[in-house]
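The values are calculated or read from the model by the stated rules, or taken from the named source; none is laboratory data. On a predicted model such as this, the values are computed, not experimentally measured, just so you know. Here the Cβ positions follow ideal geometry from the backbone for every residue, glycine too, while neighbour counts run over all protein chains shown.
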Amino acid sequence: MPTAPVHSTPALNQLATTPNRRPRSRFSVHPGVEMVATAIAALKNKTGRSLDEWVAHIARRAPANEQARLLWLKQKEGLGTNYARWLTDISLGKNAETGDADAYLRQAETYVDEQYSNAKAHLRPIFERLLGLGLGLGADVRACPCKTMVPLYRHHVFAEIKPTTRTRVDLGFALKDMPTPPRLVGTGGSEKRDRITRRIAICSLAQIDKDVARWLRTAYEMDE
């Protein structure tokens, strides 16, 4: 999941933002951020406390030790493992996934700028060309930057763009178990239960040809 800015406690009740307040962006909100926003919205109804109330309650009553705090939330407060882990991390300032869509979209451009900075700056045109190809596949394509890569989603991740080294950008494809076409290499994704199963190393704009566009569309169409 991406890393978004941590908000102070008073802001936590404002995390689920409305679409008309979101800044314009070519990027879309990462599913992980949306998932956290949904969890925050449901927290009061499911647990009897809002996020702000949990943070204050933990500060007053919970053990200081991380593992002891996790067990306290599970055993004394009756929370499930996921909620207990998440609230433990938030209370210790470790969980930066706030569910703030606006903050994520502002940060998304920074993620990309940082990926293609310094020695990798010359790879930025390759990224822009690949991103344009991906977004051009359909109105349902979403690009959701993380710190180290930019995954492309339809219903699921069907491709990802990653500046792997100073000399190349890897374009990964979710091609399931189909035979590996020439120029592509396996990622071991099937064995690791990773959706990205093939990739191609791209070192210049000239290498982004009809084959690359075809494989990208194939991955998009397989994610129906």
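Annotations for the structure displayed:
- Considering (1) under 15 Å from Phe27 (Cα atoms); (2) exposed (fewer than 14 other Cβ atoms within 10 Å of the Cβ), the lone condition that Pro145 does not fulfil carries the number (2).
Yes/no per residue for (1) of a type in the set (A, V, I, L, M); (2) closer than 30 Å to Asp52 by Cα; (3) exposed (fewer than 13 other Cβ atoms within 10 Å of the Cβ); (4) not assigned by TED's automatic domain parsing to the domain that holds Thr165:
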| residue | (1), (2), (3), (4) |
| --- | --- |
| Ala68 | yes, yes, yes, yes |
| Leu79 | yes, yes, no, yes |
| Leu87 | yes, yes, no, yes |
| Tyr111 | no, yes, no, yes |
| Ile126 | yes, no, no, no |
| Gly132 | no, no, yes, no |
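- Per the conditions (1) over 20 Å from Ala201 (Cα atoms); (2) surrounded by fewer than 19 Cβ atoms within 10 Å (Cβ to Cβ); (3) touching a residue at least 40 places away in the same chain (Cβ under 8 Å), the sole criterion not satisfied by Gly136 is (3).
- Taken as a whole, the range 58-65 holds at least one residue that is assigned to a loop (DSSP other than H, G, I, E, B) and in contact with a Phe, Trp or Tyr (Cβ under 7 Å, 6 or more places away or on another chain).
- Pairs meeting the criteria (first residue in the range 67-89 and without any contact (Cβ under 8 Å) to a residue 24 or more places away in the chain and at positive phi, second residue buried (at least 16 other Cβ atoms within 10 Å of the Cβ) and in a helix (DSSP H, G or I), beta carbons under 9 Å, at least 6 apart or on different chains) are Gly78/Thr47.
- Of Arg198, Arg214, all but one fail to be without any contact (Cβ under 8 Å) to a residue 40 or more places away in the chain and either touching a His at 6+ places or on another chain (Cβ under 7 Å) or closer than 21 Å to Leu123 by Cα (or both); the exception is Arg198.
- Residue count for the range 48-66, restricted to those that are under 24 Å from Tyr104 (Cβ atoms) and surrounded by 17 or more Cβ atoms within 10 Å (Cβ to Cβ): 2.
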